[in-house]
């Protein structure tokens, strides 16, 4: 994943850019970057933020950089924004998304005369550099952006800052959001709609799928009209999105309350208290508790002063250890209690199994697990949600493989249908393997109802494999 913030202002924009970008720190772990344009031309700074927050790393830069336009980003992988010099002139480019046909695109570019790409550590190339190379195949930036959107298999939202304005292009199917804010003398663009509110901006518009605009201090002008089809990522509401955000007019926090409410409506458990895994399951648990009448409690707390971001570090074994270290039990709320614990999802299952064991060791009598989404059966093709290098890292797929052997692909559709025996067998197997007292997944139809927009506008690929 990743987040971005951009500003076009009549006055210096660096203060707004700094804090607006910092508000996206929950969306990425590896790199932070800011690029600005002013009377002295382009200036850019990129830092590694794996072991220190964005704000700390960029405090010096924010006092030195000057400009009236700027683009900032938090990236989960590649360094950006990149400064590109081409026949279009110099521009700064930042992207959010995933490219599934990278090798084919590189091969085509080499045939057309492109000579090289710089390798990052690990041998991969920077996806933003590849996007720039595709854009540069066309005679103007708008045609280049549209060409890149057409050629890329996956998803790609782009922010391209030139000397004259900032081009904003939402990905072709609208899987990630682009929200525009406005105040006197300035416009901004943001992944998270809440990020500009404390900076004095008011909501102006959300870009539609595939829409391209150019943003200047005076106006936001549409250059390519939005498409009619949309597949926005449902996980933005379930997990990724910050509680104070909204997408397509739907509040993240309210969606999570509704999610918990509908989950409670299909449950017959009778625990002493309902709790959420901090912080990803808290709002879902509040909705469940309100609907069921079972008291809400916080039997363990996440210690965040020194480990504020749930994603770090990036090495899985270290992440598991840090996740365990951050959880502080409140024994008076755990001992001899039957607990119902809600989390946003089960991906590999490792952390939730360790959390359950942690609660048993702290004196819990039962730990019933509920998830705010269905079993994840397919790896995300668009936004790298699960971080898995293979679908077989997903616990649901591991269990299906174990139950079906070489025929596992044949029955995947049945394993996504909660009315089938195969689905029930998978759920029971995961329940036993992770040592839960009981396990209940949210149903896909209920989760979609929790969002409340047209189901055909939601991407649900990771749960049902349908694009």
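The values are calculated or read from the model by the stated rules, or taken from the named source; none is laboratory data. Nothing here was measured: the structure is a model prediction, and the numbers come from that model. Backbone-built Cβ (ideal geometry, glycine too); neighbour counts: all protein chains shown.
General observations
Residue-wise test of (1) at pLDDT 95 or above; (2) assigned to a loop (DSSP other than H, G, I, E, B).
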| site | (1), (2) |
| --- | --- |
| 399 | yes, no |
| 406 | no, no |
| 414 | yes, no |
| 418 | yes, yes |
| 426 | yes, no |
| 429 | yes, no |
| 448 | yes, no |
| 453 | yes, yes |
| 466 | no, yes |
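- Residue selected from segment 212-223 under the condition in contact (Cβ under 8 Å) with a residue 60 or more places away in the chain and buried (at least 16 other Cβ atoms within 10 Å of the Cβ), by the criterion farthest from residue 11 (Cα to Cα): 212
- Qualifying residue in segment 170-193 (condition: under 26 Å from residue 89 (Cα atoms), surrounded by fewer than 22 Cβ atoms within 10 Å (Cβ to Cβ) and under 19 Å from the mean Cα position of the chain (by Cα)): yes
- In the condition set (1) surrounded by fewer than 17 Cβ atoms within 10 Å (Cβ to Cβ); (2) within 25 Å of the chain's Cα centre (by Cα); (3) not in a helix (DSSP H, G or I), residue 73 is compliant with all but (1).
- Selection count where residues are closer than 14 Å to residue 260 by Cα and without any contact (Cβ under 8 Å) to a residue 24 or more places away in the chain, scope segment 421-467: 1
- Out of 353, 348, sole residue that is out of contact with any strand residue (DSSP E or B) (no Cβ under 6 Å at 6 or more places or on another chain), under 20 Å from residue 422 (Cα atoms), surrounded by fewer than 22 Cβ atoms within 10 Å (Cβ to Cβ) and assigned by TED's automatic domain parsing to the domain that holds residue 419: 348
- For segment 112-161, a residue qualifies if it is in contact with a helix residue (DSSP H, G or I) (Cβ under 7 Å, 6 or more places away or on another chain) and touching a residue at least 40 places away in the same chain (Cβ under 8 Å), and the qualifying residues are 135, 136, 141, 144, 145, 151, 156, 158, 160.
- So residue 370, is it assigned to a strand (DSSP E or B), at pLDDT 95 or above and either touching a helix residue (DSSP H, G or I) at 6+ places or on another chain (Cβ under 7 Å) or within 26 Å of residue 301 (Cα to Cα) (or both): yes
- Qualifying residues in segment 266-299 (those that are touching a residue at least 60 places away in the same chain (Cβ under 8 Å) and part of a helix (DSSP H, G or I)) - the one surrounded by the most Cβ atoms within 10 Å (Cβ to Cβ): 284
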